[in-house]
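Below is one structure, written out as structure tokens; the observations come after it.
Every number here is computed from the coordinates shown, using simple stated rules; none is lab data. Predicted model, so just to flag it, every value in this text is computed and none were measured. Virtual Cβ from ideal backbone geometry, glycine too; neighbours counted across all protein chains shown.
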Amino acid sequence: MKEQRPHHPPSWAQRFIAWYCKPGLAEDLMGDLHECFERNVRSTGPRRAKLIYIIDAFKFFRSYTVRRSIFVHLFMNRVMIGSYVKTSGRNIMRNKLFSFINILGLAISMSVGLLLIAFVLDLRSYDRFHKNGERIYRITNILTSNNEQNGKFATTSIRTGRLIREKVTGIEEVAIMRNDFSGDAQVGDNILPIRGFWAEPSLFRIFTFPMLEGNPETALKDPYSVVLTETAARKLFGHQAALGKAIRIDTVVYQVTGIMKDVPFFSHISFEALISLSTAEQLHKADKRFTAWTNMWSSSVYLLPSEDADMAAIRAQLNALAREENLAEENTRIQLELLPLYNIVVGESLRQSEGGPGFTGPHMPPVVLWILGGLAFVVILSACFNYTNLSIARAMRRVKEIGLRKAIGAGKSEVRLQFLAEAVMISLASLLLSFFLFLVLRPLLINMAPEMQRTVKLDLTPAMVVVFIVFSVGVGVIAGFMPAIFFSKVNPIHAFGSASSVKMFKHLTLRRALVVVQYTVTLIFITTTAVGYVQYRHILAFDLGFSTANILNINMLDNTPDVLIRELREMPEVTGVSRSLITTGVGNAWGGVMKYKDSRDSALVMTNHVDENYLPLHDYKLLAGGNFIARPASAEAVSEVIVNEQVLKRFHIGANNPRKAIGEQITLNGRKLTIVGVMQDFHYGKVEHLIGPVAFTFWTPEDRAIISAKIQSANMPATLDRIAAAWKEIDPVHPFTAEFYDEAIEDAYSEFSTMIKIIGFLSFLAISIASMGLFGMVVFTTETRIKEIGIRKVMGASVGNLIYLLSRGFLLLLSVSALIALPATYFFFKTVVLPNFPYHTPVQITELSAGLLLVLLIAFVMIGSQTLKAARSNPVVVLRRE
């Protein structure tokens, strides 16, 4: 028979009894409880017996069992906490200037922290409303062509979703979505531009999108079915019932089979309508590539694995599925990966393919959050340095207070708690002020860039308030840590003599080291802003290889461009008009696979479809050949291509000679084309990327149209009004969407300007906080050396000599900061930032010295004003107090 293990009471409960119980009662009490425990083990079992023992351990915590020292300790703690609060309040009121500097500095820096906390909490709120959010994954594609990896895409193919549904085990649900749906929904005379996705019924089983009317299991089952959001239904039908009604979207009639709640703001996918995917299959049944494995540009697949699914096994099945499908492809390989739902908004950056942005939604790389968090932490640390500097600077005034406390029995821990309590009180006072600054800065941050408005709200929530308070206490602890350690080491015997400096290095005191660090960080902020701004302006003024001046790009929104072109040509202010598929130079991309003589050698080439007026309107430079000769009316009839120099270099066409390349044939997306012109290289994408191969083919009516109009007008607003009026005659439903080319380029680099604005704002805060700290240090220094100044004046020292005497120490520290900050900033840009921008401009000494001159000017004003005041004081009055 198996021997049973002996059971024992919980050890921590026994230690608890030994801690609070009187020594004379502890042994008897624990013996009685142990006997009861053994009886309970036999009668009720060990688990219940342990529970009863724990309850009894707390039940006997009474006045006649508890040792007296416990009550005294608890009472003393309460008394000491009250004493800490009172003493801290008195010290804050007694030193109003220093308290004001600390509270204001911490408030300014903490407002940045509050903004960052609200920003991060908003980003972390995305997709949290889905019931099964932790189990939802999206398929991402890694595309490799000709052994060259083209990147990771947010989209995949419809075939991928179907194969996963058929072959991969451990998957509870699969939902396929397609992102190329948009049109004008019409109900009677009411017309509403609408956007959405083609989707399957399983979408409602994976995501938590509550249905208000209709059956979510069947609403997206049949062809020509549409589910509207609550707002879209109200716009189209008013207060009438929409379920079961017919709506016309462009030329197709759909039936409303469901009304769902509006998509929450914090959702990575946003839409006004969902249309059954079976409808897209009907409309594209003649297109063999619609369900092809490599047609991965407009669809996305979401998975809901089973609760007990083995994710490693699912990944292995996806790899096997991809290997099997890739066997049928010649030069293309696709790898499937799983992306958790919560990592879509804050996670790895994915390439945007056609229709991709609808699936990626707002996105913020984790490295950006780390950078912003680091910058905010540095600003907060700067304010904490102010607190440390000013607290230790007042050592002469506080050291006797600490010595007296220690003499009457206070230990190191009590002294540390006293200074931590004082720092936390100042931090909580700063929180009130920083909250008002947060309310002021919040709309400025949101309106800083259009992406911000679409990404965050920064609304207050109970969770956010709790985090704000915890953050404030944490800042107080950080700020008060060094002073607490410093003053806890005060020797009560020497406390009534002089306070000695705490050495951090051999020749630098702690206060000097903190000033150097603080101003080093401030200078790095300022010089980074100056250098970044110069690089940003260089990008905007960079020669793209074509002209953008006074060119207005008009998005035709699927309208036929011919009518508007006729209207534009009749306006005397319009000197030229052209058509194109996309706008180049701003990050838009349209590509194709090009081959030359070797069918096994192919490359991804960026393309654009343009008409015969496009090249002369934008001043593209032709090195050989000429403009398009043919005027094809369909894509199948296109036979000519104009390429840039990089195409010749990539395929060694005509021995890289533009003249010899004219007349050569290439294959683009399976169609043979003849080279009729060679352009000088230009920037098809953004200037942070190297120039690559580009090919222009002729624009046909099948293409979407961007109209480029060159305008020379003395009254530009009036001209734009005339063009907008002409647009209204053509399309009264859609808004006039136009933007000058130069403005589009600025928008394309808005992330750089936003980052510069943020760093510039933090630079302003950093220099403000550092200046306040320096001001406080100067005030304190002049107050403590006022008698020395009086004696020196009596001995014949001039005002200039006294200013030099009092300021040279601070100026020396600033010089040390400059010697550290300026080379650090230069090498950071030289080795880390600028190598990512192949067309950057070198960092100049003027950009580095501008920040230094600004800091020196502010510091000189701070130091000079106080030292001049002290130097002009009457030595008779000063020395009479001695």
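Would you work out the relative contact order for segment 203-265, in percent, from Cα pairs under 8 angstrom that are 6 or more residues apart?
Relative contact order here is 45 percent.
How many nm separate the modelled label positions at R872 and D184, each set 7 Å beyond the Cα in the direction of the Cβ?
7.5 nm
Please order T388, T583 by the number of other Cβ within 10 Å, starting at the fewest.
With the sparsest Cβ surroundings first, the list reads T583, T388.
Please give, to one decimal in nm, the separation of the simple spin-label points placed at L433 and D262, each 7 Å out from Cα toward the Cβ.
With each label placed 7 Å out from Cα toward Cβ, I get 3.9 nm.
Assuming R0 = 41 Å, what is the FRET efficiency of E166 and R234, from their Cβ-Cβ distance, to the nearest 0.05?
With R0 = 41 Å, the Cβ-Cβ based efficiency is 0.55.
Mind giving me the FRET efficiency for E27 and R785? R0 is 60 Å, r the Cβ-Cβ distance, nearest 0.05 is fine.
Here the calculated transfer efficiency is 0.35.
Once you compute Rg and the Kirkwood Rh from C-alpha atoms, what is the Rg to Rh ratio for segment 11-66?
0.98
Enumerate the aspartates and glutamates that K728 could reach by cross-link, defined here as Cα to Cα under 13 Å, with residues fewer than 8 away along the same chain left out.
Those aspartates and glutamates meeting the cut-off are E567.
Please give the length that would be gained between E688 and D598 if that part of the chain were fully extended, namely 0.36 nm times their separation in residues minus their C-alpha to C-alpha distance (nm, one decimal).
Contour length minus Cα-Cα distance gives 29.3 nm.
Computed FRET efficiency, Cβ-Cβ of E570 and A292, R0 45 Å: what is it to the nearest 0.05?
Efficiency computed from Cβ-Cβ geometry: 0.50.
Output wanted: per-residue J couplings in Hz (rounded whole) for segment 827-832, from phi through Karplus 6.51 cos²θ - 1.76 cosθ + 1.60, θ = phi - 60°, x for Gly and Pro.
So the J values, rounded to whole Hz, are 5, 5, 5, 5, 9, 10.
Restricting to the chain, compute how many DSSP beta bridges are antiparallel as a %, nearest 5.
In the chain, approximately 80 percent of DSSP beta bridges are antiparallel ones.
What is the Cα convex hull volume of segment 559-695 when expressed per residue in Å³?
It is 120 Å³ per residue.
K595: which aspartates and glutamates have alpha carbons under 13 Å from its alpha carbon, excluding same-chain residues fewer than 8 sequence positions away?
The reachable aspartates and glutamates, counting only those whose Cα sits under 13 Å from K595, are E664.
Would you kindly derive the ³J(HN,Hα) couplings of segment 792-802 from the backbone phi angles with the Karplus curve 6.51 cos²θ - 1.76 cosθ + 1.60 (θ = phi - 60°), listing them in order in whole Hz, with x for Gly and Pro?
Karplus-based 3J(HN,Hα) across segment 792-802 equals 4, 5, 5, 7, x, 5, 7, 4, x, 4, 5 Hz.
Can you work out the PRE-style zone for D222? Point 7 Å along Cα to Cβ, and I want the residues of segment 276-300 with backbone N under 18 Å.
It comes to 276-283, nothing else.
Of the listed peptides 589-596, 573-580, what is their order by residue-averaged count of other C-beta atoms within 10 Å, with the highest listed first?
573-580, 589-596
How do E414, E329 rank when sorted from fewest to most other Cβ atoms within 10 Å of their own Cβ?
Lowest to highest Cβ neighbour count: E329, E414.
Quickly work out the S349-to-A718 label distance, labels modelled 7 Å from Cα along the C-beta direction, and quote it in nm with one decimal.
4.5 nm
Mind checking the full-extension length gain between V733 and D562? Use 0.36 nm per residue of separation minus the Cα-Cα distance, one decimal, nm.
So the chain would gain 59.7 nm between V733 and D562.
Determine, for each peptide in 299-312, 190-203, the mean count of other beta carbons within 10 angstrom over its residues, then list the peptides with the highest first.
190-203, 299-312
Pull out a ≥ b ≥ c, the square roots of the eigenvalues of the alpha-carbon gyration tensor of segment 133-361, then state rounded if a/c is under 1.5, prolate if not and a/b is larger than b/c, and oblate in the remaining case.
Cα axes put segment 133-361 in the prolate bin.
Per residue and in Å³, how big is the convex hull formed by the alpha-carbon atoms of the chain?
286 Å³
Output ³J(HN,Hα) for segment 838-855: one whole-Hz value per residue in order, computed from phi by the Karplus curve 6.51 cos²θ - 1.76 cosθ + 1.60 with θ = phi - 60°, and x for Gly and Pro.
x, 10, 7, 9, x, 6, 9, 5, 5, 5, 6, 6, 4, x, 5, 5, 5, 5
Counting other Cβ atoms within 10 Å, which GluC sites (Glu not before Pro) in segment 192-298 have at most 13 and lie in a DSSP loop?
Hits after loop and neighbour filter: E217.
How do Y804, Y254, Y519 rank when sorted from fewest to most other Cβ atoms within 10 Å of their own Cβ?
Going from least to most buried by this count: Y804, Y254, Y519.
Hey, which aspartates and glutamates would be in cross-link range of K830, C-alpha to C-alpha under 17 Å, not counting anything within fewer than 8 residues on its own chain?
E688, E847
Mean residue ellipticity at 222 nm from the helices of the chain, using -39,500 (n - 2.57) per DSSP H segment of n ≥ 4 over the full residue count, to the nearest 500 deg cm²/dmol?
It lands at -16500 deg cm²/dmol.
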